[in-house]
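Participant: Next up is a structure, given as C-alpha cells.
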Amino acid sequence: MFRNLGKTKNRKSPTWKREIKADDVFLSDPRESDMVVPIMGPSGSGKSTFINILIGQEVASVGHELQSHTAHIQHFTLTHPDYPNRRIVIIDTPGFDDSDIDDREILRRIAVWLARS
C-alpha cells in the first residue's frame with residue numbers, strides 16, 4: 001500500500017500556478033488564519049455596494065453605468081471583531097455575464113486568487 005513512500009517522483013507545479021497571468025493581483029501577506037469571503041454574482045448586482053455597506057465606508061469603486069465596473073479582483077482586509085489576531089478578507093470579484101470578460105476568465109481569476117492567497 002505504501003511502497004513509494006521513500007521515493008520522490010518528478011512532480012509538476014500545481015495546475016493553478018500554470019494559470020497565473022501577468023495582470024493577476026494577489027493578497028501580499030496571506031495568513032492561515034484568514035477568513036476569506038468572496039462576493040460573487042452577476043455584473044451590476046451590487047457586489048461592490050454591498051462591500052461598502054458591510055465595511056461602513058466607500059472602499060470598493062462602484063459603477064453606475066450599464067457596463068461592468070470591477071475588472072480585476074480586489075480585496076479588503078478587516079480585523080475580526082471578536083478575534084483581533086484574525087482577519088476577514090472580503091473579495092470583490094468581477095461580475096458574471098460581464099460586458100468585457102467571459103465567465104471562464106472570471107472563474108480562472110477567482111480560482112487562482114483563492115489558491116494563491
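Each reported figure results from applying straightforward, stated rules to the coordinates on display, with no laboratory input. Model, not experiment: these values are computed from the prediction. Note: ideal-geometry Cβ built from the backbone for every residue, glycine included; neighbour counts use all protein chains shown.
Participant: Among 105-113, 86-94, how do they line up from the highest to the lowest mean number of other beta-carbon atoms within 10 Å?
Facilitator: On the way: 105-113: 17.4, 86-94: 19.0.
Final packing ranking: 86-94, 105-113.
Participant: Moving on. Could you derive backbone 3J(HN,Hα) for the range 71-76 from the dihedral phi with the Karplus parameters 6.51, -1.76 and 1.60 (θ = phi - 60°), listing whole Hz in sequence and x where the residue is Gly or Pro?
Facilitator: Using θ = phi - 60°, the values come out as 9, 10, 5, 10, 10, 9 Hz.
Participant: Which FRET efficiency, nearest 0.05, do residue 21 and residue 80 yield, Cβ-Cβ r, R0 25 Å? Please list the in-between numbers first.
Facilitator: Working: r = 32 Å, r/R0 = 1.26.
Between residue 21 and residue 80 the formula returns 0.20.
Participant: In whole Hz, what ³J(HN,Hα) sequence does the range 42-55 give by Karplus (6.51, -1.76, 1.60; θ = phi - 60°), x for Gly and Pro?
Facilitator: x, 4, x, 8, x, 4, 5, 4, 4, 4, 4, 5, 4, 7
Participant: Based on the alpha carbons, how large is the Rg to Rh ratio for the range 14-117 when Rh follows Kirkwood? Please report the intermediate quantities before stating the final value.
Facilitator: Working: Rg = 14.0 Å, Rh = 14.4 Å.
Radius of gyration relative to Kirkwood radius: 0.97.
Participant: Let me ask something else about it. Which order do peptides 38-48, 24-34 fall in by mean Cβ count within 10 Å, highest first?
Facilitator: 38-48, 24-34
Participant: Given H placed on each backbone N at 1.01 Å, which residues far from residue 41 in sequence or on other chains put an amide H within less than 5 Å of it?
Facilitator: Amide H to amide H, under 5 Å and 5 or more residues apart or across chains, residue 41 pairs with 96.
Participant: A follow-up question, please. Multiply the residue gap between residue 111 and residue 58 by 0.36 nm, knock off their C-alpha separation, and tell me the result in nm, one decimal place.
Facilitator: Working: separation 53, 0.36 × 53 = 19.08 nm, distance 2.59 nm.
Stretched fully, the residue 111-residue 58 segment lengthens by 16.5 nm.
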